[in-house]
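Nothing in this text is a laboratory measurement; each read-out follows from the coordinates by a stated rule. This structure is a prediction, so every number in the text was calculated from the model and none was measured. When we count neighbours, we look across all protein chains shown, and the Cβ atoms used for this are built from the backbone with ideal geometry, even at glycine.
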Ligand code: NAD
């Protein structure tokens, strides 16, 4: 397999701006690559074809079969395509699912990646890869997974439906909220987390009111980058554990689950980390970060109840068992009974327990 030269490129090059996707050919050449494979979900194949057109002779193929949770069988099919086309560079256009596919290929091939995110999930800024095989989702962290170039083009997020704009934004905010009380937290990660939260606290109401407001969309993309960056720098706690359990074992949708669980997990941890979570109160108002997020989510029209995602009440016991099976660092001690109560409240869509 041919390899592009990567030695002269900095570790991550991040560009923001309207129509910045149109620099994709230049960015490909900058990586020293000449044979780019474009990746997307079936739903975003038009966007992938536009990128292939912009690449002209630098494009050797388009693979539009990315799926949620990065199934290994899809990655293997894509790897066959990489070998056939002798691709020397990957270009992922889409949300976390497409970016996950690019990362999974890069992990297996060390090919450089240009990522063009179209949601706020933040995967583009981490060296974390989650993949699913035989119904089990596992996560790894490896430098080869971190994309070399990120192009944030606000025009591409204008097509994100309002409901997904809201849940994806809360997904991003969840990374920043948990970074505030993370064990590895530093002044820099906290500053970046606060900037990420601020971008959504200010920008989300604007993009909901006017989804085509490009300046507001760009501001929220800057927030997504900040939130994704802290996700890659510090360990996550209760909130991400609960979402991983609910997504992995009960097949709940990623962004919606994050949006619903976040106020409950933060209210739980505010019992032990109120000072660390104070920036959320400063940005959103109120004196409890969990309740502040609940009010914000409600005002933004986010889904509030896990029962609306199809989770059954009789699944809550197993979810509580799974989420408390192994110990992990968390500001408020995690007990099975407390987590069961949290899940009941989130399931019903009630006000978080403080
Ligand atoms: P997604 O990528 O699954 O996208 C959901 C749907 O929306 C897809 O059909 C997609 O094609 C479509 N879509 C995306 N952007 C659009 C746009 N602008 N306009 C219209 N449609 C659009 O959703 P997601 O929430 O971004 O990603 C979720 C996945 O990412 C999960 O598998 C999650 O585990 C992973 N993730 C990984 C990390 C990491 O660091 N490894 C971080 C965050 C999320």
Round to the nearest 0.05 the FRET efficiency obtained for residue 287 and residue 340 when R0 = 25 Å and r is the Cβ-Cβ distance. 0.40
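Per DSSP H run of n ≥ 4, the term is -39500 (n - 2.57); total these for the chain, divide by its residue number, and report the mean residue ellipticity at 222 nm rounded to 500 deg cm²/dmol.
When only DSSP H runs of four or more count, the value is -17000 deg cm²/dmol.
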By the gyration tensor of its Cα atoms, with a ≥ b ≥ c the square roots of the eigenvalues, what is the shape of segment 133-275: rounded for a/c under 1.5, prolate for a/b over b/c, or oblate? rounded
Once you keep just the Cα pairs under 8 angstrom separated by 6 or more residues, what percentage relative contact order results for segment 1-116? 30
Assign one of three labels to the chain, namely rounded, prolate or oblate, based on the Cα gyration tensor with a ≥ b ≥ c the square roots of its eigenvalues; rounded applies when a/c is under 1.5, prolate when it is not and a/b is larger than b/c, and oblate otherwise. prolate
In segment 60-192, what is the volume of the convex hull around the alpha carbon atoms, normalised per residue and reported in Å³? 126
Which of the peptides 88-100, 57-69 is most tightly packed, and how do the rest follow, judged by the mean count of other Cβ atoms within 10 Å per residue? 88-100, 57-69
Gyration tensor (alpha-carbon) shape descriptor, segment 254-304, a/c threshold 1.5: oblate
Inter-part gap, Cα centre of segment 195-225 to Cα centre of segment 338-354, in whole angstrom, is 29
1/(1 + (r/R0)^6) with r = Cβ-Cβ of residue 351 and residue 13, R0 = 56 Å, i.e. FRET efficiency to nearest 0.05, evaluates to 0.80
Using alpha carbon centroids, what distance separates segment 49-101 and segment 138-192, in Å? 21
Percent relative contact order for segment 275-354, counting Cα pairs under 8 Å at least six residues apart, stands at 32
By the mean-Cβ-within-10 Å protection proxy, highest first, 316-326, 21-31, 188-198 rank as 188-198, 21-31, 316-326
So in the chain, what percent of DSSP beta bridges are antiparallel if you round to the nearest 5? 25
Over the chain, relative contact order from alpha-carbon pairs under 8 Å, at least 6 apart, %: 14
Förster-model FRET efficiency, 25 Å R0, residue 187 and residue 139, C-beta, rounded to 0.05: 0.40
